[in-house]
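Below: the structure, in C-alpha cells.
The values are calculated or read from the model by the stated rules, or taken from the named source; none is laboratory data. Here the structure is a predicted model, which means the values were calculated and not measured. Positions of Cβ are backbone-derived with ideal geometry, glycine not excepted, and every protein chain shown enters the neighbour counts. These area figures cover heavy atoms from the full protein model, side chains too; ligands, DNA and RNA do not enter into them. Shrake-Rupley method; radii C 1.70, N 1.55, O 1.52, S 1.80 Å.
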Amino acid sequence: MVYREMTTMTYSQLFNQALELLDEQGAEEAYELVKQEWQNVENANEAQLYNLAYCFAALSGKTEEALGLMKEALYTKGYWYDYNYLMEDEDLEELRKHSEFETMANLCRERQQAALESAESVLVQEEVEAGKPCLLVLHGDQQNAAQTAPYWQSAKELGYGLGLAQSSQVQMSEAYLWDDEETASEEISDQWNALKEQGVDIENSILCGFSSGGRAAFYAAVSGAIVPKGLILVSPWLPELEEWTEDLSKLKAAGTAVYICCGDADEDCFEGSEALFEILDDNGIEVEFKLCPDLEHDYPENFEQILQEAIQFVKQ
C-alpha cells in the first residue's frame, strides 16, 4: 500500500485518512498509516496519537501491540483516558478481556478524577496589550490552547493580540471540550472581562472558534454573554442551530459581523455552516461565508490568508 506523501500533516488529516482506509481496506491498513505518519503530525496532542494507534491496533487483532501502546501512554508518558470510554468503546472490546487492561482503566479513572477536581479554565496570552484589539480564540473538541495557537498567528500582523482560551471541561490528557454551553459561556465571559480589565480594546475585539469552539463562540454571542465586534467561526459544529437562531435580537443589536469558513467535504459541519449563513443573511446580520473546496473537518492550508480576510471583513 502506498500512502499519500506529506512532509507534515495535522491530526485531523491523519484521523480522516485513517478512517477512510478503515472503511475501504480495513483496520490493518489504517493502523499502518498511523504508525507511518505518527512523526509527521504537527500541532497534535500526543495522548490522542497513542489513542488512535492502540484503537487501530486492537481492531487489527494486534492485541499485545495495542496493550503495549496503552502501557507506554500510561506508564511512560503519564497520560490518562476517559474511564467510561475505555469500558464502553467497541474498538477496545478485545482488550477488555485482559486483566492488565482493567488495571490500566482503573489507573485512568484515578487520574481522571484528580484532573476533574483541579480543572480550571485557562487564558494564554500572546502580544496582548492595552489599547490594542484582541482575538479570543476557542479550541476544537478534544484540543487545547497550545494546539490551537499556531493557526491564528497571522492576526498579529494586523495588530491584534491573541487570547487562547482553554476550557475547564477535560476529557483526557490535555484534551478539553466545550460541551456544556452554559459553563463555556461563563468562562468565555470571564476571560473576555479579564482582557477588558487589562485595557484591551474590547469594543474592536473578535471572538473566534474552531469546530465545537465555534459552537461555544456562537452561543456566547447569540445569548448576549459577551458582545464582540465580530465572530470568526471555522468549521463550526452547530447541532442546535435552529434552537439557537430563534432569537437573534442580541446579535443584531450588537452589530456583530460573522465570518464563517468551512469545507464542503466536512460531513459534520458543512450543512450547519451553510444554514447559519443563510439564517444570518435573512435576518440582516453582516455575514460572509468562505467555502473551501474538498476540505474535510480541518483548518484550510491557506488559513493565514483567510484569517486576515476575515479580520478585514469584521473591521469593515
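Just give me the residues in the range 252-278 being surrounded by 17 or more Cβ atoms within 10 Å (Cβ to Cβ), assigned to a loop (DSSP other than H, G, I, E, B) and in contact with a strand residue (DSSP E or B) (Cβ under 7 Å, 6 or more places away or on another chain), in sequence order.
Across the range 252-278, the qualifying residues are T256, C269.
From the residues in the range 97-106 that are part of a helix (DSSP H, G or I) and open to solvent by 40 Å² or more (accessible area, probe 1.4 Å), which one is nearest to S167 (Cα to Cα)?
Quick first cut of the range 97-106, residues part of a helix (DSSP H, G or I) only: 97, 99-106.
Checking which are open to solvent by 40 Å² or more (accessible area, probe 1.4 Å) leaves us with 97, 99-100, 102-103, 106.
On the way: K97: 34, S99: 34, E100: 32, E102: 29, T103: 29, N106: 25 Å.
Ranking the candidates gives N106 first.
Quick one: count up the residues across the range 116-133 that are under 25 Å from T76 (Cβ atoms) and open to solvent by less than 70 Å² (accessible area, probe 1.4 Å). Break it down into steps so the answer makes sense when it comes.
Within the range 116-133, the first condition is being under 25 Å from T76 (Cβ atoms), and the residues that meet it are 116-119.
Adding the requirement that they be open to solvent by less than 70 Å² (accessible area, probe 1.4 Å) leaves 119.
Total meeting the criteria: 1.
Being modelled with pLDDT of 95 or more, in a loop (DSSP other than H, G, I, E, B) and among the acidic types (D, E) is the requirement here; does D281 meet it?
no
Can you tell me which residue among E42, E46, E94, E37 is within 26 Å of D268 (Cα to Cα), open to solvent by 70 Å² or more (accessible area, probe 1.4 Å) and touching a residue at least 24 places away in the same chain (Cβ under 8 Å)?
Being within 26 Å of D268 (Cα to Cα), open to solvent by 70 Å² or more (accessible area, probe 1.4 Å) and touching a residue at least 24 places away in the same chain (Cβ under 8 Å) holds for just one of E42, E46, E94, E37, which is E42.
What is the one condition in (1) within 30 Å of E28 (Cβ to Cβ); (2) surrounded by fewer than 14 Cβ atoms within 10 Å (Cβ to Cβ) that Q113 does not satisfy?
Going through the list (1) within 30 Å of E28 (Cβ to Cβ); (2) surrounded by fewer than 14 Cβ atoms within 10 Å (Cβ to Cβ), Q113 breaks only (1).
Cβ-Cβ distance below 8 Å, separation of 6 or more or different chains: which pairs start in the range 135-163 with a residue that is under 17 Å from S235 (Cα atoms) and in contact (Cβ under 8 Å) with a residue 60 or more places away in the chain and end on one that is hydrophobic (A, V, I, L, M, F, W, C) and in a loop (DSSP other than H, G, I, E, B)?
So the pair list comes out as L138/W178; D141/W178; D141/W237; Q147/A44.
Output the residues belonging to the range 22-34 that are open to solvent by less than 60 Å² (accessible area, probe 1.4 Å) and in a loop (DSSP other than H, G, I, E, B). Please lay out each step first, then the result.
Step one: filter the range 22-34 for residues open to solvent by less than 60 Å² (accessible area, probe 1.4 Å), giving 22, 26-27, 29-31, 33-34.
Scanning the range 22-34 gives a single hit, G26.
Looking at the range 176-189, I want the residues that are closer than 16 Å to D141 by Cα and have a partner that is charged (D, E, K, R) and crowded, with 21+ Cβ neighbours inside 10 Å with Cβ atoms under 8 Å, at least 6 apart or on another chain. Which pairs are those?
W178/R215; E181/R215
Identify the residue in the range 194-222 that is more than 22 Å from the chain's Cα centre (by Cα) and under 19 Å from L251 (Cβ atoms) and, among all such residues, is most open to solvent (accessible area, probe 1.4 Å).
E203
For every residue, the table says whether it meets (1) of a type in the set (K, R); (2) assigned to a loop (DSSP other than H, G, I, E, B); (3) open to solvent by less than 10 Å² (accessible area, probe 1.4 Å); (4) more than 15 Å from A184 (Cα to Cα).
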| residue | (1), (2), (3), (4) |
| --- | --- |
| G224 | no, yes, no, no |
| L231 | no, no, yes, yes |
| W237 | no, yes, no, no |
| E242 | no, no, no, yes |
| K250 | yes, no, no, yes |
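Of the residues in the range 107-124, how many are assigned to a loop (DSSP other than H, G, I, E, B) and in contact with a strand residue (DSSP E or B) (Cβ under 6 Å, 6 or more places away or on another chain)?
Count: 1.
Considering only strands (runs of 3 or more DSSP E) fully contained in the range 125-209, which possess at least 3 residues that are β-branched (V, I, T) and touching a strand residue (DSSP E or B) at 6+ places or on another chain (Cβ under 7 Å)?
Numbers: elements: 134-138, 161-166, 169-172, 175-177.
In the range 125-209, there are no strands (runs of 3 or more DSSP E) which contain 3 or more residues that are β-branched (V, I, T) and touching a strand residue (DSSP E or B) at 6+ places or on another chain (Cβ under 7 Å).
Within the range 50-77, count every residue that is open to solvent by less than 50 Å² (accessible area, probe 1.4 Å), out of contact with any Phe, Trp or Tyr (no Cβ under 6 Å at 6 or more places or on another chain) and in contact (Cβ under 8 Å) with a residue 12 or more places away in the chain.
The qualifying residues number 10.
Could you figure out which of (1) open to solvent by 30 Å² or more (accessible area, probe 1.4 Å); (2) under 25 Å from T183 (Cα atoms) isn't true of L136?
Single failed check for L136: (1).
Filter the range 283-303 for residues that are open to solvent by 20 Å² or more (accessible area, probe 1.4 Å) and within 21 Å of P228 (Cβ to Cβ) and give the result.
N283, G284, E286, E288, F289, K290
Regarding Q17, is this residue part of a helix (DSSP H, G or I) and surrounded by fewer than 19 Cβ atoms within 10 Å (Cβ to Cβ)?
no
For the range 34-72, give me each residue that is basic (K, R) and under 16 Å from L86 (Cα atoms).
K71
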